[in-house]
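To keep things clear, I will list the structure first and then write my remarks on it.
The values are calculated or read from the model by the stated rules, or taken from the named source; none is laboratory data. Computed from a predicted model, the values in this text were never measured in an experiment. FYI the Cβ positions are ideal-geometry reconstructions off the backbone, even for glycines, and counts take in every protein chain you see.
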Amino acid sequence: MNKKILVVDDEEVIRKFLRIQLAKWGYEVKEAADGEQALEKLGKDDFDLLICDILMPKKNGWEVMREVRSNPSMKDIPIIVLTAKNEDVDMFNGYDCGANYYMTKPFTKDQLLYGLKLMFGKDPTNKMEIS
Amino acid sequence: MSKEDKDRDRKKVILLLRWTAIIVTSYLILFSKGRVTDLHLSHLLIFGYIFSNLLLTFLPKTWFSNPKLFYSLVIFDTGLVSFGMYLSEMMTTDFYILFFLVIIFTSLSRNFKLLVTLGGVTALLYGILLYSWGLLTSENGISYILRIPFIFIMTAFYGYIVQTFTKETQKQLAISEDKYQGLFENANDGIVILRNPQLQIVDVNREVERLTSNKKGELLQKGFSDLFVSEEDEKALGYFEEVMKQGEGRTDSLSLMRKDGVPLEVDLSAKRIDLGDESFFQLIFRDLTEQRRLEKKIRESKMNLQAIFDGIQDRLSIQTPDYKILRINKAVIQHHHANYEELIGKKCYEAYYQKSLPCERCPVSVTIKTKKPASSILKISEGDTSLRISSYPILDEKGDLRSVIEYVQDITEEQQLQKQLIRSEKLAGIGTLASGVAHEINNPLAGIIGMAEIALEEETFKNKAYLKDIISCGQRIGEIVKGLGSYSRIAKKEEQSLVDINEVLEDSLKMVRLAIKASAVEVVERFQPIEKIEANIGEIQHVFTHLITNAFQAMNSKGTLILSTRSLKDSMEVKVSDNGVGIPQKYISHIFDPFFTTRNPGEGTGLGLNIVYRIVTKYEGTIDVESEENMGTTFTIQFPKRREDS
């Protein structure tokens, strides 16, 4: 069964890129446009990965991560932060809030792939193994 | 009674008594032995006598107060009367002249009582002699009897006159003595009278009592040197030897000994005074305490002024309106490598700039003309120096220009710093703007890059190189935005805490490892326990993340990275060294400059190491780099240890 990923970003074009790219790699992708939507979907469904933006309407990424990590039913879900906030201080904050990997925008396909490999322990394109 | 009345009375009395004397003498001469009819020398004498008294009548009355005239009269009258009696040839055995001579000499003693007593005794003796010789009962008996009271009257008459003189002289003496005593006692200066040559104190005035806080009685009979503090005995005696030689002398180097033991500085002048066969020294003391206090105050304020003057690090000089240097501070001496004496009195343009005319645009010239402050910035050709010269007038009470203060500041460095500041402020401004819009730029940028990458995989796109260009340009924008964002952050004052550098190194390494595929890099950690530093943890992390990333990139993901920390005497040292490609020697001195990059466009902004440099220097640290091409690079950072008191 394919791994299920929730992509949370208020930017339509980013969601679109991730939807297409992740689908190509064989993942099942669901989307949310803001923090509240994301938490709602997380509550209904089980996900294998959360790719989350920080600056979003309604609830920001920090809040989403904190709620996920404090909710017993979903606290173990891996989280990749994908944000335009590229200062070091934000990165540390991201890890503090429970991110497993912190990616800054703009990013390349390869960087995304690297993050996924770290999360799942294997390359979805089957090109290389993570040591 | 006024002096004028006295003079008139004395004239009347003298004239009256002389008339009496003339009448009695004339009678004695004219009525003896019947010589009245014949002209005789004695008759001339009577005329002379009368004439002299008439002459006296017309003399001004003040002359009668003159004792010299009076005594001349006494001698003249006595002589005349005696001579007249002798000429009457009636006293062949007469002692009359002898008695008169006694009166003359006694009158010179100026003693009234003695005169009257002597007159009485003489008259009595004469009467007894005449009686014993039986002359009183002879035919000329009446003449003899008349002579007896005459002796007494003449004596009393002179005695009276003498007494008036004596009284008056005494009175005047008393008055002048009073005056002198008043002056002496109430003088504002201390006066001491010493007997010469014993140098013994015979009199002191009240001011001396006050100055020495001794009573007069305690000072009298003491010696000269007892007046002064004992340490100055030798000096005092030396001074007085000089006074004895010269007859007078002055000194201000001696101190009076006060009763309470506190010495009192005085100005002393001494003079020898000879009175008859006695000789004295008069010493005049003036209290110098106030003068010394003022002198000290003036000296202190002078020194203060000089200290302030010298304390100013910029060049200061004071010049006359014809440019002559009156006064300079230390900065001037140091700047011109000259002595104080070499510069003072010279014209400023000659001494400072070896010119023959005042410098162009010099504000001192302006102040000399306008008497108002002036200032201008001058470029001096030597060494590209910029000077700000300001001048201020010093006016006298009339408002005329007395001198000009010239204040010279070297503003070369200041101007350079200002330029630098403007540049870095510009950069920081750009950075602030960039970080503000970073989010706005990065989101669409992520879309551009992502979508281009998806398109790249589409079979339908023929010219894939174009898409690759889009992707790399997008990444370049991303790098620039990131770099500029970091640039602005350093300018901000951020929260600081105690940062453990060893921990930061571990964290930074982990993060870089997450971001860069570098499985073939061996990392050696040589950490020694070191003190924490007070800093913003994000900034310190930025420094090491950047250096470690650089190292990984330089090694092309394979090689050895050595991270080491150690504690030195005054600082903590961190080394990040790799055995990568190294930095070409010609670039080494520029690697910390902003916007310097050896990479291809799109690979670096040239801000990275500049940011590192700025963070390290912000915490008063130093950063050095050693590198050899194809051998590797080592960055050495030192942070100062925190001071105990901070």
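Looking only at residues in segment B:200-250 that are polar (S, T, N, Q) and touching a residue at least 12 places away in the same chain (Cβ under 8 Å), the one that is nearest to B:ARG272 (Cα to Cα) is B:GLN200. Annotation: of all residues in segment B:541-584 being within 58 Å of the chain's Cα centre (by Cα) and touching a residue at least 12 places away in the same chain (Cβ under 8 Å), the one that is surrounded by the most Cβ atoms within 10 Å (Cβ to Cβ) is B:MET572. Annotation note: of B:SER375, B:SER317, B:SER365, the sole residue that is of a type in the set (Ser, Thr, Tyr) and out of contact with any strand residue (DSSP E or B) (no Cβ under 7 Å at 6 or more places or on another chain) is B:SER365.
Taking the stated definitions as given, is B:SER317 farther than 30 Å from B:LEU264 by Cβ and either assigned to a strand (DSSP E or B) or at pLDDT 90 or above (or both)?
yes
Which of (1) at pLDDT below 80; (2) touching a helix residue (DSSP H, G or I) at 6+ places or on another chain (Cβ under 9 Å); (3) surrounded by fewer than 16 Cβ atoms within 10 Å (Cβ to Cβ) is the odd one out, the single condition B:LYS462 does not satisfy? Failing condition for B:LYS462: (2).
Going through (1) modelled with pLDDT of 85 or more; (2) in contact with a Phe, Trp or Tyr (Cβ under 9 Å, 6 or more places away or on another chain); (3) within 14 Å of chain A (Cβ to nearest Cβ); (4) surrounded by 20 or more Cβ atoms within 10 Å (Cβ to Cβ) one by one, B:VAL512 falls short only on (1).
Could you go through segment A:110-131 and let me know if any residue there is more than 14 Å from chain B (Cβ to nearest Cβ), free of Cβ contacts under 8 Å to residues at least 60 places away in the same chain, surrounded by fewer than 17 Cβ atoms within 10 Å (Cβ to Cβ) and farther than 24 Å from A:TYR27 by Cα. Within segment A:110-131, none of the residues are more than 14 Å from chain B (Cβ to nearest Cβ), free of Cβ contacts under 8 Å to residues at least 60 places away in the same chain, surrounded by fewer than 17 Cβ atoms within 10 Å (Cβ to Cβ) and farther than 24 Å from A:TYR27 by Cα. So is B:GLN313 closer than 26 Å to B:VAL202 by Cβ and either basic (Lys, Arg) or exposed (fewer than 13 other Cβ atoms within 10 Å of the Cβ) (or both) or not? Spelling it out, it is not the case that B:GLN313 is closer than 26 Å to B:VAL202 by Cβ and either basic (Lys, Arg) or exposed (fewer than 13 other Cβ atoms within 10 Å of the Cβ) (or both). So for segment B:490-508 (the condition being touching a Gly at 6+ places or on another chain (Cβ under 8 Å), over 19 Å from A:GLY94 (Cβ atoms) and modelled with pLDDT under 85), does at least one residue qualify? Yes, segment B:490-508 has at least one match. A:ILE51 satisfies every condition listed in (1) surrounded by 19 or more Cβ atoms within 10 Å (Cβ to Cβ); (2) farther than 28 Å from B:GLU539 by Cα except (2).
Regarding segment B:322-343, can at least one residue be identified that is in a helix (DSSP H, G or I) and hydroxyl-bearing (Ser, Thr, Tyr)? The answer is yes; a qualifying residue exists. Only one of the numbered conditions (1) closer than 21 Å to B:LEU387 by Cβ; (2) among the charged types (D, E, K, R); (3) more than 21 Å from the chain's Cα centre (by Cα) is not met by B:LYS330, and that is (3).
For segment B:290-327, filtering for residues that are under 15 Å from the mean Cα position of the chain (by Cα) and among the hydroxyl-bearing types (Ser, Thr, Tyr) leaves 1.
Which residues, counting only those in segment A:1-35, are acidic (Asp, Glu) and more than 8 Å from chain B (Cβ to nearest Cβ)?
First, pick out the residues of segment A:1-35 that are acidic (Asp, Glu): A:9-12, A:28, A:31, A:34.
Result: A:ASP9, A:ASP10, A:GLU12, A:GLU28, A:GLU31, A:ASP34.
Is at least one residue of segment B:251-266 without any contact (Cβ under 8 Å) to a residue 12 or more places away in the chain, assigned to a loop (DSSP other than H, G, I, E, B) and either over 22 Å from B:THR212 (Cα atoms) or of a type outside the set (Ser, Thr, Tyr) (or both)?
Yes, there is a match, as at least one residue in segment B:251-266 is without any contact (Cβ under 8 Å) to a residue 12 or more places away in the chain, assigned to a loop (DSSP other than H, G, I, E, B) and either over 22 Å from B:THR212 (Cα atoms) or of a type outside the set (Ser, Thr, Tyr) (or both).
Residues in segment B:585-603 include none that are among the polar types (S, T, N, Q), modelled with pLDDT of 80 or more and under 60 Å from the mean Cα position of the chain (by Cα). Checking the stated criteria, B:GLU534 turns out to be more than 14 Å from every other protein chain (Cβ to nearest Cβ), under 60 Å from the mean Cα position of the chain (by Cα) and exposed (fewer than 15 other Cβ atoms within 10 Å of the Cβ).
Please verify whether segment A:4-11 includes one or more residues that are free of Cβ contacts under 8 Å to residues at least 12 places away in the same chain and under 24 Å from B:ILE441 (Cα atoms). Write out each step before concluding.
Filtering segment A:4-11 down to residues free of Cβ contacts under 8 Å to residues at least 12 places away in the same chain leaves none.
Within segment A:4-11, none of the residues are free of Cβ contacts under 8 Å to residues at least 12 places away in the same chain and under 24 Å from B:ILE441 (Cα atoms).
Only a single criterion out of (1) more than 9 Å from chain A (Cβ to nearest Cβ); (2) closer than 20 Å to B:VAL481 by Cα; (3) modelled with pLDDT under 70 is not satisfied by B:GLN420, namely (2).
What helices (runs of 4 or more DSSP H), lying completely within segment B:107-219, carry at least 2 residues that are closer than 30 Å to B:VAL13 by Cβ?
Details: elements: B:112-132, B:141-186, B:206-212, B:216-219.
Output list reads B:112-132, B:141-186.
If only residues of segment B:447-463 that are facing chain A (nearest Cβ under 7 Å) and not hydrophobic (A, V, I, L, M, F, W, C) are counted, the one that is nearest to the chain's Cα centre (by Cα) is B:GLY447.
Looking only at segment A:74-107, filter to residues that are assigned to a helix (DSSP H, G or I) and of a type in the set (Asp, Glu); which one of those is farthest from the other protein chains (Cβ to nearest Cβ)?
Of the residues in segment A:74-107, the ones assigned to a helix (DSSP H, G or I) are A:88-96.
With the extra rule that they be of a type in the set (Asp, Glu), the set shrinks to A:88, A:90, A:96.
Working: A:ASP88: 5, A:ASP90: 9, A:ASP96: 12 Å.
Of everything passing the filter in segment A:74-107, A:ASP96 is farthest from the other protein chains (Cβ to nearest Cβ).
Which residues, counting only those in segment B:440-467, are of a type in the set (A, V, I, L, M, F, W, C) and assigned to a helix (DSSP H, G or I)?
Across segment B:440-467, the qualifying residues are B:ILE441, B:LEU445, B:ALA446, B:ILE448, B:ILE449, B:MET451, B:ALA452, B:ILE454, B:ALA455, B:LEU456, B:ALA465, B:LEU467.
Counting only residues that are under 19 Å from B:GLY608 (Cα atoms) and modelled with pLDDT of 85 or more, segment B:556-582 holds 8 of them. Sort through B:ILE50, B:ILE104, B:ILE23 and tell me the only one that's modelled with pLDDT of 70 or more and under 22 Å from B:ALA123 (Cα atoms). That would be B:ILE23, the only listed residue that is modelled with pLDDT of 70 or more and under 22 Å from B:ALA123 (Cα atoms).
Okay, residues lined up against (1) surrounded by fewer than 16 Cβ atoms within 10 Å (Cβ to Cβ); (2) away from every other protein chain (no Cβ under 14 Å):
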{"site": "A:LEU42", "(1), (2)": "no, yes"}
{"site": "A:ASP46", "(1), (2)": "yes, yes"}
{"site": "A:LYS58", "(1), (2)": "yes, yes"}
{"site": "A:GLY61", "(1), (2)": "no, no"}
{"site": "A:MET65", "(1), (2)": "no, yes"}
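Taking segment A:7-58 only, how many residues are outside any loop (DSSP other than H, G, I, E, B), among the acidic types (Asp, Glu) and under 14 Å from the mean Cα position of the chain (by Cα)? So that I can check it myself, show each step before the final result.
Applying the first criterion (outside any loop (DSSP other than H, G, I, E, B)) to segment A:7-58 yields A:7-8, A:12-24, A:28-32, A:35-44, A:49-52.
With among the acidic types (Asp, Glu) added as a condition, the list becomes A:12, A:28, A:31, A:36, A:40.
Going one step further and asking which of them are under 14 Å from the mean Cα position of the chain (by Cα), we end up with A:28, A:31.
Counting residues in segment A:7-58 that are outside any loop (DSSP other than H, G, I, E, B), among the acidic types (Asp, Glu) and under 14 Å from the mean Cα position of the chain (by Cα) gives 2.
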